[in-house]
Amino acid sequence: MKTIFFLIISALLIHQLQAQSLSKPLGNLKSYKKTSNGVVVQTDHGNLKATVYSANIIKIDITEHAAFNDFSYAVTALPDAQVKILIQDQRDNITISTDSLNLVITKKPVRVSLYNKQGVLVNGDDEAFGTSWIDDQITTYKKIFPDEKFIGLGEKTGGLNRRGSGYQNWNSDVPGYETRQDPLYATIPFYIGIRDSVVYGIFLDNSSKTQFNFGASQDRFSSFSVDNGDMNYYLLWHSSVAKILESYSWLTGRMPLPPMWSLGYHQCRWSYFPESEMMSLAKNFRDRKIPCDGLWFDIHYMQDYKVFTWSHDRFPDPEGMLTQLDNMGFKNVVIIDPGIKVEKGYAPYEDGVKKDMFIKYSDGKEYNGQVWPGWCAFTDFTKPDARVWWGTLFKEDIDQGIDGFWCDMNEIASWGAKTPDNLVFNFEGHPVSHRTGKNVFGLEMSRATYEGTLQLFKNKRPFVLTRSGFAGLQRYTAIWTGDNLAKDDHMLLGVRLVNSLGLSGVPFAGVDVGGFVGDASSELMARWITIGAFCPFYRSHKEYNGKDAEPWAFGENTEEISRNYIQLRYNLLPYIYSAFYEASQTGMPVQRSLAINYSHDNMIYQTDYENEYFFGPSILVAPCVSTVRATKVYLPEGIWFDFYNNKKYDGNSEMWYEAPLEKLPLFIKAGSFIPEQSPVQFTAQQPTDTLTLHVYYSSFNSHYVYYEDAGDQFDYQKGDYYKREMQLIASSKQLVLAKVEGN
C-alpha cells in the first residue's frame, strides 16, 4: 500500500514539474536598484527594467540575459530628463510615480500594473501568468475586463473592435487577400485599450514575429508574445485616445509635411505603356476636365524589369516624355522593387557586390531570390552604408524628371514566398537573422529611399509610397493596403484598414480605389471613387489583365460622378492640407475613426456603423456599398449638418439616409470651419485669390487652425507659411480671426 501511495505521489510531482517546465515565469524579486529614470529588477528567472520616458509613458524591458537590448528602429524619442519621478520601496511592491501615473511592481511574484492618479487600474498583468517563457517565446499576459475594447494594431483586417480576435505580425505578400486574412503587408504592434472612462496604449517594440490575443478562443486574458528576442513594450496612459496618439507619435516620430501634389488624385495601372499610351492618358484627363496630379509607372517601364532603368522600346526618350507631362501639370512616380538583378554588366548589381551592400547567408554567401527580373540580390537596408548607397541610385531618375518613388515587393516578396531564416541582416552593426530583420526591411527601404531622394532633391519634398513597413514608417513614407479585390466588402475593409493605420500613428494611407484584382462594376467604381475622395491618399490602381479602369471607362454616369467628387477633393485641399499640418504636429490622423472622439460610445463599434469616420476634424463620412441607394447612419452626440443642403440633425440618433451613387453620405459637425478654394485641374494651378470659409454655427465656442505654405519645399521651416486661428464665439455669434502667423 505504501508503495502504491509513493508511486502516486511521485507521478503527481513529476506531472507538476513537467507542467511547470512548459511555462517559465519571471518569478519573484531577488534584488533591485534605482536608475536615473526608473528601476532595474533582478528576478528568479530574468531581469526587468522600468524606464520613465515621459509623465505619461513608461517602458518595460524583460530579458533572460544579463544585459538589456535598447536598440529600436521604431522609437526616436529619448527619456525626458525633466520628468519628476518618485520611487518608493514598500513591503510588497515598488512604486514609480510621475505627475500623471503610478507604476506598481509587485515583488512576489513580479507583476506590473499601471494606475492613474485617482488610483484607478489602467492596465495590469494577469495575476497568474504575468510575463513568462514557453521555450523561446516570451509572452506578457494582461487582465481583461468584461467591457474592454481594443483598437488599432495597424494594417489588420476584421472589425474596429479587436476584442475576441488574435493577430500575427509577419509582413507578407498576399495578393487578392481575403477580408479576414492575417497577416498582411505591414507590422505596427501598437494598440489602444478602452473601458469605462479609461484609455491606454501598449506598443510592443520587437521586430520579430509577434502575436496578439484579445480574448480569442478564451476569456481569461489579453496577451502579446514575441517569438524571438526580449519583451520590450511601452505603457501609455492619457485622458483620451487623441492624447494617446500624440504620445505614441512623440515616441515613434511624426510625418513631415508631404508635397501638395501628393494629396491630389493619382492614376495608376500595372502598367501603362508605351509612351503613347501614357500621353493619351494625360490628354484624356485634361480634355475631360477631371483633375489629376499623379501618373504612375508600374514595372513595364523598366528594361527587363531591372530597377533604375527604362525600356528602350517602350520609353525611348523618358526625359522628353516627363518634360511634356510636367508641362501639362502632372507629377510622375515610378515603382522601385528591392531586388537587383544578378547580371554581369548591370551597374547597380556590380557596384553593390563591390561595395558589399547585399544580404548574405550566415556562411557569407550572397542571398539570391527570384522576382520579376529573375534571380536578384537584395540590399541590406539595415546597414547604414547600404542605405546611403541605395539613395545615390535615384540620381538619374530624378535628373530625368521623376517626382516620387513607389517601394513595392518589400516584405521581402519573392517567388516561392519562403525567404530562409538563416539570412544575416547587419542591423546597424549588430547582426541578426531574418527572423528579426524581416519586419523592418520595408521600413528601412522606405527610409533609404526618402533620405536618399531628400539629398538629391535638395529643398524639394520627397514623396515615397510603400507596401510594407513597421512602426515609425510615417517618418519617411505613405502606405497603401496592397492588392485588394474589386468587391464591395473590400471597399469597406479598406476604410477600416486606413482608419486602423490612423489609430497606429500613420496619417498618410490609402487603398487601390476600384480594387486591384478583378473588374469593378460601374456602380462599384462610382461609389469607390466618392469614398476615395475622402481618403488621405487617393489613387486608382488596376491589375495587368483586367479591363480599363480610368474614370471614363465605366460610362458617362460614372465619369460624371468621378469628375464631381475628384473636383470636390481639389476644392477642399485647403481643408485637407490643414489636416495634414495637424498630423505633422500632433500625430492626429487625417482619416479618423470615430473611436478617437467618441471612444466610449458603444454605438460606433456596431457592425452597421464601425466604418464611419471623420475626414479631418469636421467631415463625418458614412460609406456604404454600391448595391444600396439608402443606408443606415449613426450620428454621435452633438449637432450635425447635411453637407449637401445644410439640413440640421440632432446627434445620438440613428436614421436611414438616401444614398444614390452620386451622393456619398457626408455630415458636418456643428462648430466646424471648412475652407474651400476655387476649382483647379492640378495642385500647381493657381486658384482664385478668394478663399471661401464655411462656418457651421454651434451653441458652444469652437476654433480651427488654418494653415498653408508653398506646398513643395521646406521653406516653411524658416517661417515661410501662413497660419491663422479662427474662433466662433457662440454667445455673440461672432467670428474672430486671430493675427496671422508666419511670413
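For the reader, a short list of remarks on this structure follows.
- Qualifying residue in segment 462-469 (condition: within 19 Å of ASP712 (Cβ to Cβ), modelled with pLDDT of 95 or more and open to solvent by 20 Å² or more (accessible area, probe 1.4 Å)): no
Here's the yes/no breakdown for (1) within 14 Å of ILE340 (Cα to Cα); (2) assigned to a helix (DSSP H, G or I):
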site	(1), (2)
THR382	no, no
ARG387	no, yes
ASP397	no, yes
SER414	yes, no
ASP421	no, no
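- Only a single criterion out of (1) more than 18 Å from the chain's Cα centre (by Cα); (2) open to solvent by 10 Å² or more (accessible area, probe 1.4 Å) is not satisfied by TRP170, namely (1).
- Counted residues, segment 212-258 - those being free of Cβ contacts under 8 Å to residues at least 60 places away in the same chain and either in a strand (DSSP E or B) or open to solvent by less than 30 Å² (accessible area, probe 1.4 Å) (or both): 4
- When ASN484, ASN564, ASN459, ASN557 are checked against the criterion of being modelled with pLDDT under 95 and not small (Gly, Ala, Ser), ASN459 stands alone in meeting it.
- Residue check for TYR649: of a type in the set (Ser, Thr, Tyr) and open to solvent by less than 40 Å² (accessible area, probe 1.4 Å): yes
- If you filter segment 420-445 down to residues that are in contact with a helix residue (DSSP H, G or I) (Cβ under 6 Å, 6 or more places away or on another chain) and not charged (D, E, K, R), you find that the one that is surrounded by the fewest Cβ atoms within 10 Å (Cβ to Cβ) is LEU423.
- Among the candidates GLN118, GLN82, GLN90, GLN42, the residue that is touching a strand residue (DSSP E or B) at 6+ places or on another chain (Cβ under 6 Å) and open to solvent by 30 Å² or more (accessible area, probe 1.4 Å) is uniquely GLN42.
- Test for ASP205: is it among the acidic types (Asp, Glu), surrounded by fewer than 22 Cβ atoms within 10 Å (Cβ to Cβ) and farther than 27 Å from TYR609 by Cα: no
- Screening the candidates ASP397, ASP326 for the property of being crowded, with 17+ Cβ neighbours inside 10 Å and of a type in the set (D, E, K, R) yields one hit, ASP397.
- Candidates in segment 345-380 are the residues that are touching a helix residue (DSSP H, G or I) at 6+ places or on another chain (Cβ under 7 Å) and assigned to a loop (DSSP other than H, G, I, E, B); of these, the one that is surrounded by the most Cβ atoms within 10 Å (Cβ to Cβ) is ASP380.
- Of all residue pairs spaced 6 or more apart or on separate chains, those with beta-carbon atoms under 8 Å, a first member in segment 117-138 that is within 26 Å of VAL199 (Cβ to Cβ) and a second member that is surrounded by fewer than 19 Cβ atoms within 10 Å (Cβ to Cβ) and aromatic (Phe, Trp, Tyr) are LEU121/TYR115; VAL122/TYR115.
The values are calculated or read from the model by the stated rules, or taken from the named source; none is laboratory data. Note that the structure is a prediction, hence the values are computed from the model and not measured. Don't worry about glycine lacking a Cβ; one is built from the backbone with ideal geometry, like all the others, and counts go over all protein chains shown. In case anyone asks, the SASA skips ligands and DNA or RNA and just uses the protein heavy atoms, side chains included. Shrake-Rupley method; radii C 1.70, N 1.55, O 1.52, S 1.80 Å.
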